[in-house]
Amino acid sequence: PDTFVNQDTAETNKDEIIIQPLEFKLKSDIDSSIWTERIRNLQSKFKNIENKKFWEKFGTWLSLMFFLLLPLFALLLKLFFLKSKTAYLGSLVFSLHFHGFGFILFTIDNLINQIYETEIFSILSILLLAFYLVLAIKHVFPQKWTWLLVKVSSLIFIYSMIFSFTFLGTFLLAVWFF
C-alpha cells in the first residue's frame, strides 16, 4: 500500500521493474503541524509566565471550575440514588456540604504541609474524605452497605475522572488565556 510503480521513471528491463516508495503529505500531517505550532506557542507562553500572576489567574479559573462541578456532583448523586426520596435540591445541598468539608480538610492539609513539609497528611486527607463520603451518603441515602459501597465506589471513580479532566482543562485554559 505504501509503494507504487512509477511508469514514467521506472527502469524496465524484460524481467525487472523498480518499485519506488510513494511519497505524499497526509492531511493529518498538516493538521499535526498546526497543533505542533500551537503547542510550541503555549510552551513559550508558559516559560514566560511569572509564577504569582499565573497562579492568581489559575486560582480564579479553579474557583469557577469548582462552582460548576457542584451541580454536576449533585446530578451524579441523583442519578446513582434514583429510588431515594431526596429531590435534586437535597442532592445539591449535600454536594455543597461535602465540598465544603473537602475544602476545610484540604485547607488544614495545606497548612500542615507548609509547617512540617510532609505529604502523609495529604494521603490521610484523601482517605478521610472518601470515608466521610461513604458515611454521609449512608446517612442521607440509607441503603444496604454492599450496594452502597458499590455505588459510592462508582461515584468516586466517575467524579474523579470528571474532576481530573476538568482540572486539566482549567489549567490549559489558564495557560492559554494568560
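Screening L105, L76 for residues that are within 19 Å of the chain's Cα centre (by Cα) and assigned to a helix (DSSP H, G or I) leaves exactly one candidate, L76.
In region 160-177, of all residues being among the aromatic types (F, W, Y) and farther than 19 Å from H99 by Cβ, the one that is modelled with the highest pLDDT corresponds to F171. Restricting F54, F94, F73 to those that are farther than 27 Å from L172 by Cβ and open to solvent by less than 70 Å² (accessible area, probe 1.4 Å) reduces the list to F94.
Filtered by the rule that a residue be open to solvent by 30 Å² or more (accessible area, probe 1.4 Å) and touching a His at 6+ places or on another chain (Cβ under 8 Å), region 57-70 gives a lone residue, F66. Within region 152-159, the presence of at least one residue that is out of contact with any Cys (no Cβ under 7 Å at 6 or more places or on another chain), touching a residue at least 40 places away in the same chain (Cβ under 8 Å) and open to solvent by 40 Å² or more (accessible area, probe 1.4 Å) is confirmed.
Quick one: which residue in L168, L111, L82, L127 is open to solvent by 30 Å² or more (accessible area, probe 1.4 Å), without any contact (Cβ under 8 Å) to a residue 12 or more places away in the chain and not in a helix (DSSP H, G or I)? Exactly one residue qualifies, and that residue is L82. Criterion first (among the aromatic types (F, W, Y) and under 16 Å from A136 (Cα atoms)) does F80 satisfy it? So F80 passes the test.
The values are calculated or read from the model by the stated rules, or taken from the named source; none is laboratory data. Keep in mind it's a predicted model, so treat the numbers as computed, not measured. FYI the Cβ positions are ideal-geometry reconstructions off the backbone, even for glycines, and counts take in every protein chain you see. Accessible surface is based on the protein model in full, side chains and every heavy atom, while ligands, DNA and RNA are left aside. Shrake-Rupley method; radii C 1.70, N 1.55, O 1.52, S 1.80 Å.
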